[in-house]
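Written out below as structure tokens is the structure these notes cover.
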Amino acid sequence: MRTGRYEMPVGTFRALARGGGGGDVVRRLLAVPVSRNLLAMRSAVVLATDLGHPHAPLVNDAWQLLGELRRSAPGPTRVVLGYPTVSVWAAGTLRALGHGDRGSADDPATLGAVVAAAAMRAGGRARVSFPTSPSGAVTVALPGLGRVHRGPGGGAGLAELTVDGARRTLTLDGVPVTGPGLCPRATGTAGGGPTPAWHPVPRLRADGHGPRLHLDDLRSLARPAAVAPVDVVRAARWAARLSPGWRLLATRHRRAATELTEAISMVMPLARDAAGRPWAAVTNGGTPDELTAPLISGTFPAAVGCVAMSDGPGAAGPIAAALVHELAHNKLAALDHLFPLVEAAEPARHPAPWRAGARPLPALVQGLYAHVAVGEFWRRERRFGTTTGRHLAHAEFARLQVACREVADLLRSADGLTGYGRLLVDQLDDVVDGWSGRRAGSTGTGRAGRRRRPRPAPPVSP
């Protein structure tokens, strides 16, 4: 199996390190999760066989079908392989098998669902099998497309899913799957058992012109039965929620809008507890401001391409800033997978002005990168909008200028960064200096009295 060799000119690395890059560079970065997922899947196939996993034959059959689809329909297959839920399932499955766990919810046989989704997108055919629950119920998620669900009574053991992408049909144990977007032309009888149903993943476009986003849950491939389907009404509310922020980016921050279109394929709604607080803030020890904030967003380094966000009303500026923030996290996560920024064994923790408690070094680097991107956003926003909007932009920019200066200084003196990490921090340091009209000179110094460390050689494939 070939996944390709990655090389990056130092100029491109520096552009990314400063928060830029552009659509073409971001598009190339998205090859990273595809390769990582393929490597994880191949390792999972080998481990499942070596461990004598009960589903090893299913996994090997699915792997062979995936290889055929990669040759016959590389484009559609690549889209599926890079989908965020596939990244989460592949990493979880490899981790479980690596620990010798044969009963994890991250079942290696779920590789069949990845194959089925690729075949459906490619307009091809595939036949894959899955284990059912003891009651005979089965729920299978096709990443980026939807879920097949059959209730109890279908018989325990294995269920066979047949995909005909050209005809847009699915059958489960010979019974047509019915639901929006499918053409139930297949033949077969349910034999008195339950009829399988199809629940498509909602797709939305903010403002009708923004990126095509899937409204999905990162658990939907590994644990599809635990994820409630999203109806069209809720999807429409999300499109309306994101539209003001997208319009602002598309009209005043075109580069960020272009990168967002290339990088983000999925929005994951964040749940709230009974008190209306975002669960993400509650479980992560959020600050009082985070617990009461109308908008909370997040990113998962193992799921490049996904933005998590809380629901509810929101103004254009904060929504756009949240999208810029999470776009930056996604870009840096992909870059860090190629060129590690922090030494693997670095245990140090440091204070961060934007979070409660000390943060590990990788989180601090990620935080600086994302907050510099948001600082650039608010710096530009100071020239636009209403008086209230400009006041908000000035206040947010001033706050971030102080916070980013503090963290950049801390990271420049910290141990534990790789050569790539130091180069990244140096570039961010220059950006923050520029906010005050100070640019690092060619002599290697930034602000008065600060001496730069030697910069590493241009990045190449690690």
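Here r is the Cβ-Cβ distance between Ala225 and Ala31 and R0 is 35 Å; the resulting FRET efficiency, rounded to 0.05, is 0.65.
Ellipticity at 222 nm from helices only: DSSP H runs of n ≥ 4 in the chain, each -39500 (n - 2.57), divided by the residue count, give -15000 deg cm²/dmol. Per-atom-type breakdown for the stretch 347-392 gives carbon and sulfur 55% of the accessible area (1.4 Å probe, protein chains only). Shape index of the stretch 122-175: Rg/Rh, with Rg the Cα radius of gyration and Rh the Kirkwood radius from the inverse mean 1/r over Cα pairs, equals 0.98.
Using Cβ point charges alone (K and R +1, D and E -1), the dipole size of the chain about the Cα centre works out to roughly 1380 debye. Per residue, the solvent-accessible area of the chain (1.4 Å probe, heavy atoms of protein chains only, all protein chains present) comes to 44 Å².
Length gained on full extension, His99 to Asp415, computed as 0.36 nm times the residue gap minus the Cα-Cα distance: 110.6 nm. Taking amide H as placed 1.01 Å from N in the peptide plane, Ala159 has its amide H under 5 Å from the amide H of Phe130, Thr132, each at least 5 places away in sequence or on another chain. Each of Ser72, Gly124, Gly20 was placed along the dipole of the stretch 1-126 (beta-carbon charges, centred on the mean Cα), and the one lying farthest toward the positive end is Gly20. Between the residues His329, Pro57, Gly357, the greatest Cα displacement towards the positive end of the dipole of the chain, with unit charges on the Cβ of Lys, Arg, Asp and Glu, is found for His329.
Full extension of the chain between Arg383 and Asp50 yields a length gain of 113.7 nm, computed as 0.36 nm times the residue separation minus the alpha carbon distance. Remark: the stretch 198-270 carries a charge dipole of roughly 200 debye about the Cα centre, counting +1 on each Lys and Arg Cβ and -1 on each Asp and Glu Cβ.
Within the chain, the whole DSSP H helices whose Cα atoms reach 20 Å or more along their own axis and whose mean Kyte-Doolittle score is at least -0.5 are 31-50, 56-72, 84-98, 232-252, 316-338, 361-381, 387-413, 419-435.
What translational D, rounded to a whole number of µm²/s, comes out for the chain from Stokes-Einstein when the hydrodynamic radius is the Kirkwood one over Cα pairs, at 4 °C and 1.567 mPa s? In µm²/s, the coefficient is 55. Of the accessible area of the stretch 68-114, computed with a 1.4 Å probe over protein heavy atoms only, carbon and sulfur atoms account for 50 percent. In units of the rule-of-thumb radius 2.2 N^0.38 Å, the stretch 215-276 shows an alpha carbon radius of gyration of 1.37. Magnitude of the charge dipole for the stretch 17-137, about its Cα centre and with charges confined to Cβ atoms of Lys, Arg (+1) and Asp, Glu (-1), is about 520 debye.
The values are calculated or read from the model by the stated rules, or taken from the named source; none is laboratory data. Everything numeric here is computed off the predicted structure, so don't read it as measured data. Note: ideal-geometry Cβ built from the backbone for every residue, glycine included; neighbour counts use all protein chains shown. Ligands, DNA and RNA are stripped out before the accessible areas are found, and what is left, the full protein with its side chains, is counted by its heavy atoms. Shrake-Rupley method; radii C 1.70, N 1.55, O 1.52, S 1.80 Å.
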